[in-house]
Amino acid sequence: MSSKEGSGGFRKRKHDNFPHNQRREGKDVNSSSPVMLAFKSFQQELDARHDKYERLVKLSRDITVESKRTIFLLHRITSAPDMEEILTESEVKLDGVRQKILQVAQELSGEDMHQFHRAITTGLQEYVEAVSFQHFIKTRSLISMDEINKQLIFTTEEYGKENKTPCSDAQDKQFGTWRLKITPVDYLLGVADLTGELMRMCINSVGNGDIDTPFEVSQFLRQVYDGFSFIGNTGPYEVSKKLYTLKQSLAKVENACYALRVRGSEIPKHMLADVFSVKTEMIDQEEGIS
């Protein structure tokens, strides 16, 4: 065994040859030097940025949860007798989501949004899905990205009234507006997720005897699919990846419309949902085999 190796076989480090009390004698770092002061400022800036990122992740999680609850509420429209009551309740829930987005806009005030985009993209996509789902139920059309962004402009006066709490000095000094713009990628991904909710709405509507909604949803999904087909592989990877799921949803809705058109008069309305659920399972199995 080499003399440089101990009993455990580990090679000794070079500075181990020096006595411990001589290693750092006279080598204390001057904490007031310009270099140390610069690195301390870097440390404070990075810590503040990491803390902001974590706060945005938590806000995004809250936005996702509340948006999902709004979507679940909107699905009750297919079986509820009063549609306006549910739409009113969903608007209240979306207002609560927008208050969370306001906090995101305040966190990003003066910052480059793209540096923190990964922390908030999941929540923004879910919000786009919820808003576009509500808009489709009202108008049978797709809400534009500009319309969504117009709803995400907040004034200081509205903020003070809605929270009913005295503003801090920093908020008093910062008069004007806060705004958050949905990026095109977030918008496209939210619309792609919307197609899955419309497919569920179509099947639920058939189960409740509504034979008009499936044809309206089918025509709408065909237009959305054609739009995504123009993007193809030239867009972001996440968008092209969701194109396959969109195609699946369209196939299920078109299958439901085909059964309604061809066999609608043969099948009692209370049995239509069972027929479509069986057909949907068959389609899923065939796609899994292929």
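The values are calculated or read from the model by the stated rules, or taken from the named source; none is laboratory data. Please read these numbers as outputs of a predicted model, since none were measured by experiment. Here the Cβ positions follow ideal geometry from the backbone for every residue, glycine too, while neighbour counts run over all protein chains shown. Accessible surface areas use protein heavy atoms only, side chains included; no ligands, DNA or RNA. Shrake-Rupley method; radii C 1.70, N 1.55, O 1.52, S 1.80 Å.
Note on segment 89-118: residues that are open to solvent by less than 10 Å² (accessible area, probe 1.4 Å) and not β-branched (Val, Ile, Thr) amount to 5. Scanning segment 54-82 for residues that are open to solvent by 40 Å² or more (accessible area, probe 1.4 Å), closer than 23 Å to CYS202 by Cβ and either free of Cβ contacts under 8 Å to residues at least 40 places away in the same chain or in contact with a Phe, Trp or Tyr (Cβ under 6 Å, 6 or more places away or on another chain) (or both) gives ARG69, PHE72, ARG76, PRO81, ASP82.
Restricting GLN106, GLN43, GLN99 to residues that are assigned to a helix (DSSP H, G or I), at pLDDT below 90 and more than 30 Å from VAL206 (Cβ to Cβ) narrows the list to GLN43.
Within the set GLU147, GLU129, the sole residue that is on the phi < 0 side of the Ramachandran plot, at pLDDT 95 or above, crowded, with 20+ Cβ neighbours inside 10 Å and part of a helix (DSSP H, G or I) turns out to be GLU129.
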